[in-house]
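Read-outs throughout are calculated quantities, based only on the coordinates presented, and are distinct from any laboratory measurement. Here the structure is a predicted model, which means the values were calculated and not measured. Counting neighbours? That spans all protein chains shown, and the Cβs are built from the backbone with ideal geometry, glycine included.
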Amino acid sequence: MKDQLPFDESIVLLRALATPQGILASRSAVANYAAVFARDAIMAGVAGLAVGDEQIVTGLRRTLEQLRTLQGPQGQIASNFRTGPDGRQQVSFGTLAPRFDSATWYLVGVALLCARGHARYEDFAESVEGVVALLEGIEYNGRHLVYVPAGGNWADEYPFDGYILYDQVLRAWGLRLLAPLAGRPAWAEKAAAIARVIDERYWPSTDWQYGGPRRFPVAATSPVRTDEHLDLAACALLAIADLLPHRSASILDGLEQGFLAHGALVPAFSPVIHEGDREWDALAGYHLHGFRNRPHEYHNGGIWPVWLGWLGVAFARHGRVTASGTLHALTVAHLLRLTHFDFEEYFHGETGEALGTAGMAYTATGFVLLDLARQRGPEAWTWMA
């Protein structure tokens, strides 16, 4: 590999994973990764929209069409689906817990696909109405936030639950994107209401629990505790959607100065949870396919290219050319130090080793977005907001 990201190889991988049923999570069959996962496929499809690749965009459309067909009676969107050896469709709406971010990513995916002219909103209108109604029902109390169980989103083995920021951001983003397509100004008003509550509830007035001034929103709140870990996915997506412009600058400053300025890539969650920390027992006891969250691994301080890609877009969206360039250069340097790399899920937060399942759409998506973010200025990303 030369002194660049594997952009072309990422496109090749995403095209290979774009099947008539949708975009597969991985070319590997380990732990159900050969299924179409809603969030993985939609993010990959958005990368296809960004680069203008017809084959990947077709994969996104087929993913969304299949999710529409498999939608549950209350409006649920499947977490993943696949065709079994007997030819029957195997569908999951969550194993350890219901996966709510399949529904919110579905809203975002439909909105962006239709807004870019690759599908008609009318073909998804009834399905979208069902998802919006479902999320209103889950909200239950009219206070604009959705309560998410542990394992209810992409970080399915990370011990946080309650009003998780990531899920609130995705819901508000999807509603705001859909409002003009659907002719539903009430959805834009709802998105603004969610944003106001995020502004009020996710930035405590005290200094950050882990030291220094508070630059980042808390990851989650619940009636019994507040999780102050940095959630990179939530922060990057909040800045891209720009639901709270006065907060975006603080978040991006904190990520740039707290990590990139020190030559460090940003982990998915930080600080790392170590044995003896109060969250350790919950972390160590919560897993599906064996314990993967050792310190600096998987969700527990692992570095995920997919979220680096979204962070790159966040920097580009706000005209931070230097930051997106630094993030790109650090990622390239990281890859050049590896003796082997096959699009694994994440990097070890200390050693930098590539770990997890290989051949991941997630990882290819991150590289595509990160490479485009270095090349394109703010005006190129306005369609995402």
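Taken as Cα centroids, region 319-385 and region 28-58 sit 16 Å apart, rounded to the nearest whole angstrom.
How large is the dipole of region 7-384 about the Cα centre if only Lys and Arg carry +1 and Asp and Glu carry -1, each at its Cβ, rounded to the nearest 20 debye?
With only Lys, Arg, Asp and Glu charged at Cβ, the dipole is about 680 debye.
Couplings 3J(HN,Hα) for region 137-149, derived from phi with the Karplus relation 6.51 cos²θ - 1.76 cosθ + 1.60 (θ = phi - 60°), are x, 5, 4, 6, 9, x, 9, 6, 10, 9, 8, 10, x Hz, where x marks Gly and Pro.
Annotation: amide H-H contacts under 5 Å for LEU5 (H modelled 1.01 Å from N, sequence separation of 5 or more, or interchain): none.
Tell me the Kirkwood hydrodynamic radius of region 181-269 in angstroms, computed as one over the mean inverse distance between distinct C-alpha pairs. Spell out each step's value before the answer.
Working: mean 1/r = 0.0703 Å⁻¹.
After inverting the pairwise mean of 1/r, the radius is 14.2 Å.
With R₀ fixed at 41 Å, the C-beta to C-beta distance from GLU129 to ALA333 puts the FRET efficiency at about 0.30.
For region 157-165, the Karplus equation 6.51 cos²θ - 1.76 cosθ + 1.60, evaluated at θ = phi - 60°, returns couplings of 10, 9, x, 9, 8, x, 8, 6, 4 Hz by residue, with Gly and Pro reported as x. Local charge for ALA34 was computed over the other residues whose Cβ lies under 10 Å away, with Lys and Arg +1 and Asp and Glu -1, and equals +2.
Starting from the Cα-Cα distance between GLU350 and GLU136, subtract it from 0.36 nm times their residue separation and give me the gain in nm to one decimal. Each step should come with its number before you reach the end.
Working: separation 214, 0.36 × 214 = 77.04 nm, distance 4.14 nm.
This chain segment gains 72.9 nm when fully extended.
Per residue of the chain, the DSSP helices (runs of n ≥ 4 H) give a summed -39500 (n - 2.57) that works out to -15000 deg cm²/dmol at 222 nm. When you filter the trypsin sites (Lys or Arg not before Pro) in region 328-380 for DSSP loop state and at most 14 other Cβ atoms inside 10 Å of their Cβ, you are left with ARG337. Proximity of backbone amide H atoms, modeled 1.01 Å from N, is registered between ASN80 and ALA38, SER92, GLY94 at under 5 Å, excluding neighbours fewer than 5 places apart on the same chain. Evaluated at q = 0.08, 0.10, 0.14 Å⁻¹, the base-10 log of the normalised Debye intensity for region 7-384, with identical point scatterers placed on the Cα atoms, takes the values -0.35, -0.57, -1.25.
With Cα atoms defining each centre, region 233-283 and region 80-156 are spaced 25 Å apart in the structure. Under the criterion of Cα pairs below 8 Å and six or more residues apart, the relative contact order for the chain equals 17 percent.
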